[in-house]
Amino acid sequence: MDMMDVDETSAPREGKPVLVILVGAPGSGKSTFGEDVMRSSTRHWVRVCQDTIGNGKAGTKAQCLSSATSALKDGKSVFIDRCNLDREQRSEFIKLGGGLQIDVHAVVLDLPAKLCISRSVNRTGHEGNLQGGRAAAVVNRMLQHKELPKLSEGFNRITFCQNENDVKNAINLYSSLGPLDNLPHGCFGQKNTDSKIQVGIMKFLKRAEVPLAAASTTSGTEEPTSQTPRNNSYCKDKEALSSISDTDNLETKEVERQEVGSAGSHANPVCPDDIPTLAFPSISTSDFQFNLEKAADIIVEKVAEFLNKFRNARLVLVDLSHKSKILSLVKARIAEKNMDTQKFFTHVGDITHLYSRGGLRCNAIANAANWRLKPGGGGVNAAIFNAAGPELESATKDKVKSLSPGNAAVVPLPSSSPLFTREGVTHVIHVLGPNMNPQRPNYLNNDYNKGCKILQDAYTSLFDGFASIVRNHPGIPEGKGEKLERKSLELPVQSDCSSRKYFTGTDQKSKRSDDHGSEKSKKCKGTQDDLGLPFTDSKGEKVDSEHRRIERSRSKAWGSWAQALHQIAMHPEKHKGDLLEISDDVVVLNDIYPKAQKHVLVLARTGGLDCLADVQKEHLQLLNMMHDVGLKWAEKFLSENASLVFRLGYHSAPSMRQLHLHVISQDFESTQLKNKKHWNSFNTAFFRDSVDVMDEVSSDGKATLKDDDKLLSMELRCHRCRSAHPNIPRLKSHIRSCQSPFPAYLLQNGRLVHAPGEPRNSVQ
C-alpha cells in the first residue's frame, strides 16, 4: 500500500509514553498483540488486562484506569487490553492523555466475524473463561453494537487492521518503536468507514458459509498511509475478553447513538474519522510575495479563532515541498501555542491529489485565486482548475463573477468534476489575498498594515465559507444531498388540516448528519433544524470578511437546499397551493417535518433578513406583525383543540435562509422528533421566545443570540418537570404522562399561549 506523505509536525519531536487502546471483539487477538510487542520491543510496555487485573482474576474498569495511570506516570507505555468496542468504554482511558504528556493511540483489530468466533469457540484456558459455545453468542452480541473509533474522540493515531497481514505489520511497527521514537498522528488503514458490524455473524452461528472477505475486502479505495509502516497486528488464538459487564453495557446502548453512514467511496467527502476537513494553501505568500513570518502569524491566529468557535472540523495547510518555509514557520507556531494537531496540521503534497496519492480525504479545498476567478496563471490556481475540469469554471461563473482582496467565494463542485469523483472534494473555496508583488495588479506598495488586515479578512472569509459547507452538508456527499433535494421537491401536497405538511426540515438535515447549527449565530449557515424543500437554482453568495459582517454586510454561503424559505418568501405566488396564508409582509406554511402536533412557520418577506442576527431596530414593526400572525394561528388551533399549548419563537442559528418564526405546540408528539438536537433546538436557550426578541430589539436594537454548540448537545430534559431522560423514546413516553406545570419563566410575559381560562400556574 502507498504511504501517506504526512508532514512530520504531526508527530512529536521527543519520545513520550504511548497509551495504546486495543479495540476488538473476543478472539480478535488483542492479548496476543500486546504480548508479541512486549517480547521484542526495547520500549518498556505494560499490558493492563481487565480479565487478570484483580490478582490474576477479573477486575474492574476503575482498577484498569488506576494501573494505567500509575504506569504512564512512571514513563512506561501501556496497552489497554479490553474489548473497548464503543465510544463510552474508551472515553475514560482517552482522558488519561489530557493530564499527562502522552500520545493516545487505538489499534483496531477489525477482523472477520467468522475468524473471531472460531477462535473464541475453540480456545481453552482463556483468561476471562470466554470459550466454547457460549463465546459465539457473546461475540455476536458485542459486534452488533460496535462503534469504530475516530480521531475526534481524542486519539492522536488510529490503526485499522482488517486482516492478519495488517496485524503482523502493526506488531512489527510497535515492536520497532524505541524509547525515544514516536509515530505520526492520523488515521491509517481504514478501508470502509461506514461498516458498523461485520456481516455473516448469524450465518456463521447457523453453520452457514460466511464470506471471509466480508470485512477485509470492502471498498476499493486506498486508505491513508503513513511515512512509517502500517500499524497492524498479528492475531493468534489467545484472546483476553473484557469483563462481561462491558458486554451488558454494550447491549443497553440506544440504537439512536449508532451512526449509519452511506457506502464509502472516493465521492464521500467525509474524512475517515468523520471530521469535515478543509485543505488550504498559504494565501499570498507565493506569487504575491507576502512576508512569510507575518503570514504564518496570521494563519495560526485565524485557525485558532475558527477552531475555538467550530470544534467539529479540521484544517490542513498544504504545500508541495518538504522544504517549504511557510510550513516550517507554521509548524513552529503550532508547537509554541500547543495547538491540537488533530484539528490543525500541515501536509506535504499536491492539493489536487490529497486522497488518491496521500489518503487525506477533504470536503473542501481552497484555491488561491485571481480576482477574475479565471483558470491559468500557474501555481495552485492553475492546478485546481485543471484538476477540476471545465465544471469548476462553469460553476464559478454561476456563483460569482469576480473577487476583491480579502474575500472568498464558495463554489459547490459538480459531481461530474474529476476532483469530486476521484478525490471526494465537494466544494472549492476561491480566496483572494493581498498583493505585495509590484509586478502584479493591486500592488499595496509594501503597506503591511493594510496587507495584514486584508490577509486576516481573507482567512476569516475562507473559514466562514468552510463553516457554511460543514453546517449545510455535514457528513453526506453532495451527490447524495442532491438526490434528497430532488426527492423532497416531489413530496405530495397534503391538506391544510394536517400540520405534518410543509417546510422546515429538521429531519431533512438529520439525514445529512444531525448536526444542528453549531456555529456562532452571526454565521447563520444551514445545519439541521429547518426546512426540507431545497432549490437548485439559487445564486451562490460571496462570504464576506469579518469587519464587513460586523457592519451588516452579511452575505452568506447558504447551501442550495437551505434556500427554500427564501425562494418561497420572494415568490409566494409559485407556491399558493402549499401556503396557509400570504400577505405583503409574511407568509405562513406548515413544517414538512413537524416536531409537534401543530408546527407552522411565519416567514418574513423582507429581503436581507436571513436570520435573527440580521434583525435591527428598524425591523421591530415586522417582528410585532409576525408575532401577531403567529398568535392568530395558535388561537385558530386552540379553537379546534383547547388542550394544546403553544410557544412562539426563533432559533438562534437557523438552518434555513430567511427569517422565520416557529409556532409550535408543546405536546411534541411527532415521529419527526428523532434526536437530541431536534429536542434541544426547541427546549433550551437556543430557542428565543418571540416576546423576548421583541423586547430586546426594542431596547437594544438587536436580539440576544444563544447559539453555543453545547446547548444542542445538552442532556434530554422534560420541558415541564425538567427530569432527565437517556433517549428520545423514553423522553416522549414521559412527556405523554407528565402532569407537572411548566417552569415559572415560561408562564411569564406571554411566552406560552393557551386556551382562555387555563390557570397560569398549572398549564398542562
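The values are calculated or read from the model by the stated rules, or taken from the named source; none is laboratory data. Source: prediction; values computed, not measured. All Cβ positions, even for glycine, are placed from backbone atoms using ideal geometry, and neighbour counts span all protein chains on display. Remember, those area values only see protein heavy atoms, side chains included, never the ligands or the DNA or RNA. Shrake-Rupley method; radii C 1.70, N 1.55, O 1.52, S 1.80 Å.
Only a single criterion out of (1) open to solvent by 10 Å² or more (accessible area, probe 1.4 Å); (2) more than 25 Å from the chain's Cα centre (by Cα) is not satisfied by Thr396, namely (1).
Between Ile201, Ile158, the distinction of being of a type in the set (Val, Ile, Thr) and at pLDDT 90 or above belongs to Ile158 only.
Residues in region 301-310 that are buried (at least 22 other Cβ atoms within 10 Å of the Cβ) and either outside the structural domain of Ala368 (by the TED database) or at pLDDT 90 or above (or both): 2 in all.
Scanning region 590-613 for residues that are in contact with a Lys or Arg (Cβ under 6 Å, 6 or more places away or on another chain) and either under 20 Å from Asp700 (Cα atoms) or not assigned by the TED database to the domain that holds Val629 (or both) gives Asp610, Ala613. Remark: Leu648 falls outside the filter, which requires a residue to be more than 20 Å from Ile735 (Cα to Cα), out of contact with any Lys or Arg (no Cβ under 6 Å at 6 or more places or on another chain) and of a type in the set (A, V, I, L, M). Residue selection: Val108 satisfies the criterion of being in a strand (DSSP E or B), in the same structural domain as Leu177 (by the TED database) and either in contact with a His (Cβ under 9 Å, 6 or more places away or on another chain) or not small (Gly, Ala, Ser) (or both). Tyr355 meets all of the listed conditions (1) closer than 26 Å to Phe306 by Cα; (2) open to solvent by 10 Å² or more (accessible area, probe 1.4 Å) but one, namely (2). Criterion applied to Ser698, Ser733 was being part of a helix (DSSP H, G or I) and out of contact with any His (no Cβ under 9 Å at 6 or more places or on another chain), and the one residue passing it is Ser698. Here region 698-726 is the region considered, the condition is being more than 19 Å from the chain's Cα centre (by Cα) and basic (Lys, Arg), and the residue that is most open to solvent (accessible area, probe 1.4 Å) is Lys702. The criterion of at least 2 residues that are modelled with pLDDT under 90 and within 24 Å of Pro412 (Cα to Cα) is met, among helices (runs of 4 or more DSSP H) falling completely within region 316-391, by 354-358, 379-388. The set of residues from region 45-94 being touching a helix residue (DSSP H, G or I) at 6+ places or on another chain (Cβ under 8 Å), at negative phi and part of a loop (DSSP other than H, G, I, E, B) comprises Gln50, Ile53, Arg82, Cys83, Leu85, Asp86. All of (1) part of a loop (DSSP other than H, G, I, E, B); (2) open to solvent by 60 Å² or more (accessible area, probe 1.4 Å) hold for Phe742 with one exception: (2). Given the criteria open to solvent by 10 Å² or more (accessible area, probe 1.4 Å), modelled with pLDDT of 80 or more and assigned by the TED database to the domain that holds Ala71, does Asn172 qualify? Taking the combined requirement at face value, the residue satisfies it. So, of the residues in region 549-564 that are part of a helix (DSSP H, G or I) and closer than 21 Å to Val411 by Cα, which turns out to be modelled with the lowest pLDDT? Out of the qualifying residues, it is Arg549. Of all the residues in region 400-416, those that are under 17 Å from Asn386 (Cβ atoms) and surrounded by 22 or more Cβ atoms within 10 Å (Cβ to Cβ) number 2.
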